[in-house]
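Contents: one structure, followed by commentary.
The values are calculated or read from the model by the stated rules, or taken from the named source; none is laboratory data. Everything quoted here is computed from the prediction, not taken from an experiment. In this analysis, Cβ positions are derived from the backbone assuming ideal geometry, glycine residues included, and neighbour counts consider all displayed protein chains. The area values use the complete protein model at the heavy-atom level, side chains included, leaving out ligands, DNA and RNA. Shrake-Rupley method; radii C 1.70, N 1.55, O 1.52, S 1.80 Å.
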Amino acid sequence: MLLPIITYPNKLLKQVSSDVALFDTQLHAFLDDMYATMIESNGIGLAAIQVAMPIRALILCIPDEEGNQESTNILEIINPIIQNPRGRMTYQEGCLSVPGFYEDIERYEFLTLRYHNRHGVVCTLHADDLLSIAIQHEMDHLEGKLFIDRLSYSRRKKFEKEHKKALKEKK
Ligand code: Y12
Ligand code: CO
């Protein structure tokens, strides 16, 4: 089932998400729906709050070298904790909840992630480059934060102006 993606400035996107306690069939069905929704929207990452569910769950499917998103590369990440973040890199980010806007954001280049998979098993992942960026972007959503909240004052002002104009043109 495809789920509606909520977009900026919906206030739900500011909500801090809660830990997942039950790793049951209802959670599995929800993760499957998140995956279908993300792929249908040409996304590479989606947090549960983007489909109005305030739980600490996110999915990622990073394209391979040929640009293909293989379903075998899907990562379902629940209750994540970042350990040992290091290095810095800048990447032009986009978000399905802020369609049409892309901005350079600086984040950690490397990190280790502890999380639960859909069965509640504790997993460890060493991430670098785009995967590290995507994890940090999606984990910001769990704290009610968007990539545009990381912009400088002047870049944020420019974004608000462009966003207002885009909304007017859509009407
Ligand atoms: C690096 C930076 C950010 C992330 C977070 C995940 N972001 C996305 O998956 C964004 C996808 C996206 C897709 C859009 O649709 C198309 O391009 C067809 C889109 O649409 C428009 O801008 C109109 C916007 C964002 C991971 C890694
Ligand atoms: Co996002």
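Brief remarks follow.
- Top positive-direction residue, dipole computed over the chain with Cβ charges, set Gly100, His116, Gly43: Gly100
- Candidate residues Lys171, Lys158, Lys11, Lys164: accessible-area rank, largest first, probe 1.4 Å: Lys171, Lys11, Lys164, Lys158
- Ranked from largest to smallest solvent-accessible area, with a 1.4 Å probe on the protein heavy atoms, Glu169, Glu138, Glu70 come out as Glu169, Glu70, Glu138.
- Between segment 1-23 and segment 50-82, the Cα center-to-center distance that results, in Å: 14 Å
- Rounded accessible area per residue of segment 73-171, 1.4 Å, Å²: 57 Å²
- Shape of segment 49-120, Cα gyration tensor, a/c cut at 1.5: rounded
- If a spin label sat at a point 7 angstrom from the Cα of Ala21 along the line to its beta carbon, the backbone N atoms of segment 44-59 nearer than 15 Å would be those of 55-56.
- Helical runs assigned H by DSSP (4 residues or longer) give the chain a calculated mean residue ellipticity at 222 nm of -9500 deg cm²/dmol, each run adding -39500 (n - 2.57) before division by the residue total.
- The residue list Thr90, Ile135, Leu60 was ranked by how far each Cα lies along the charge dipole of the chain toward its positive end, using unit charges on Cβ atoms, and Thr90 comes out on top.
- Based on C-alpha pairs under 8 angstrom that are at least 6 apart in sequence, the chain has a relative contact order of 22 percent.
- Here is the size of segment 11-170 from its Cα atoms: Rg then Dmax, 15.8, 47 Å.
- Normalising the average separation of contacting C-alpha pairs (under 8 angstrom, six or more residues apart) by the number of residues puts the relative contact order of segment 89-154 at 27 percent.
- DSSP bridge orientation in segment 11-170 - percent antiparallel, rounded to nearest 5: 95 percent
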